[in-house]
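What follows is a short report on a single structure.
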Amino acid sequence: MLTRIEGDGPSCAGEAVLQERPVAHAQFVLVMKCPADRGMSHRVTSLLSDRRCDILDSSQFSDPQSQLVFLRILFSVEDQAITEGVLRRDIGLLYPSPAVRWQLFDTRKRTRVLLMVSKVGHCLNDLLFRYASGTLPVEICGVVSNHRDLAQLVENYSLPFHHFPLPSQAPLAVKVAQEQRVLDLVEAYDVDLVVLARYMQVLSAATCDALSGRVINIHHSFLPSFKGSKPYGQAHERGVKLIGATAHFVTGYLDEGPIIEQDVERIDHAMSPDALAAIGRDAECVVLARAVKWFAERRVLLNGNKTVVLK
């Protein structure tokens, strides 16, 4: 259950904190990405130790190709004098260089999520159930669809359902207006993450740019093979022995965004395209739920056109 603290990052290290509040026994996640630095982890943990913070979990990865270091630390704060502003100030003073990218997240607040779907509802239903049962640490703000088919399902969970129709072969102006309604909702709900739970429309490059790093899609195939809208038919024609699902960040390039999670299921020659699709639906649900959960726990860091998932 995480959300961004205002003013994250080195650029605001010296800014005044408008509202201080005690954080006794609060938990935070600190994520960092910076050029290779042998002493980074030691300096950060020493800082937290000096502030009487208890480190509950720590993960680090050094990428020899990009020459970047990725770090995630979950820690608790027991001293009421150590406020959010104090933590943010001290980390910023420790790493004033803009080359060091860091963010601090308060685990008492949930990642705010907007779901988008078309007519196929298995991923939506799975996410809603996990959310309602408390196993998915997010706050679902609502569901957007270009069809009304799944309105009742959403209403059963007492969530807002927004029908933003988009006719097939719609003119560009209509598509732009429809996506602007989505962006307006993102702003109104203060959304951290948009999840395309089998939303079968391609977002425009402008919308992808506006929501860069904040949109996760589930593709019903094991990327980079079998892109597009009918991957199970393509897989059947090729006689593959494994099918899978891929959760990835959305970019302006169709089905080519950084991959977060994938999984596969074994199949054989006797299975029809419909049988493949039925098997694939289960994989899609699991893969998408993992990706959303890891994003909410701030385990997913971008590394160029790839991701680092710190577990």
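Residue 263 exposes around 50 Å² of accessible area when a 1.4 Å probe is run over every protein chain in place.
Indicate the gyration tensor shape class of the range 36-143 (rounded, prolate or oblate), computed on the Cα atoms with a ≥ b ≥ c the square roots of the eigenvalues: a/c under 1.5 is rounded; otherwise a/b larger than b/c is prolate and the rest oblate.
Prolate, because a/c is 1.5 or more and a/b exceeds b/c.
With all protein chains in place and ligands, DNA and RNA left out, the 1.4 Å accessible area ranks 157, 95, 253 as 253, 157, 95, largest first.
Summarising the amide proton neighbourhood of residue 303: residues at separation of 5 or more, or on other chains, whose placed amide H is nearer than 5 Å comprise 308. With a threshold of 23 Å on the Cα-Cα distance, the over-threshold entries among 241/306; 241/311; 109/175; 119/175; 33/311 are 241/306; 241/311; 109/175. Given their separation in residues at 0.36 nm each and the Cα-Cα distance between them, residue 162 and residue 279 gain 39.2 nm when the chain is fully extended. Taking Rh as the Kirkwood radius computed over C-alpha pairs, what is the Stokes-Einstein D of the range 91-173 at 25 °C in a medium of viscosity 0.890 mPa s, expressed in µm² per second? My calculation gives 158 µm²/s for D.
Loop-located trypsin sites (Lys or Arg not before Pro) in the range 116-184 (DSSP state other than H, G, I, E, B) with a sparse environment of at most 16 neighbouring Cβ atoms within 10 Å: 119, 148.
Filter the trypsin sites (Lys or Arg not before Pro) in the range 24-95 to those in DSSP coil with at most 14 other Cβ atoms within 10 Å of their Cβ, and list the result. For trypsin sites (Lys or Arg not before Pro) across the range 24-95 that sit outside H, G, I, E and B with at most 14 neighbouring Cβ atoms in 10 Å, the list reads 38, 52.
Taking square-rooted eigenvalues a ≥ b ≥ c of the alpha carbon gyration tensor, is the range 60-103 rounded, prolate or oblate, where a/c under 1.5 means rounded and, failing that, a/b exceeding b/c means prolate? Cα axes put the range 60-103 in the oblate bin.
Under 1.5 on a/c is rounded, so check that first for the range 161-297, then, if it is not, pick prolate when a/b is larger than b/c and oblate when it is not; a ≥ b ≥ c are the square roots of the alpha carbon gyration tensor eigenvalues. Prolate shape, in that a/c is at least 1.5 and a/b is the bigger ratio. In this label model, residue 234 and residue 173 are separated by 3.4 nm, measuring between points 7 Å along each Cα→Cβ vector. For the range 158-170, backbone phi angles converted through the Karplus equation (6.51, -1.76, 1.60; θ = phi - 60°) give residue-by-residue couplings of 6, 10, x, 10, 10, 8, 10, x, 9, x, 5, 6, 5 Hz, Gly and Pro being listed as x. Computed from the Kirkwood radius of its Cα pairs, the Stokes-Einstein diffusion coefficient for the chain at 20 °C and 1.002 mPa s stands at 102 µm²/s.
The values are calculated or read from the model by the stated rules, or taken from the named source; none is laboratory data. Remember, it's a predicted structure, so these values are computed and weren't measured experimentally. Counting neighbours? That spans all protein chains shown, and the Cβs are built from the backbone with ideal geometry, glycine included. Keep in mind that these areas ignore ligands, DNA and RNA; they rest on the heavy atoms of the full protein, side chains included. Shrake-Rupley method; radii C 1.70, N 1.55, O 1.52, S 1.80 Å.
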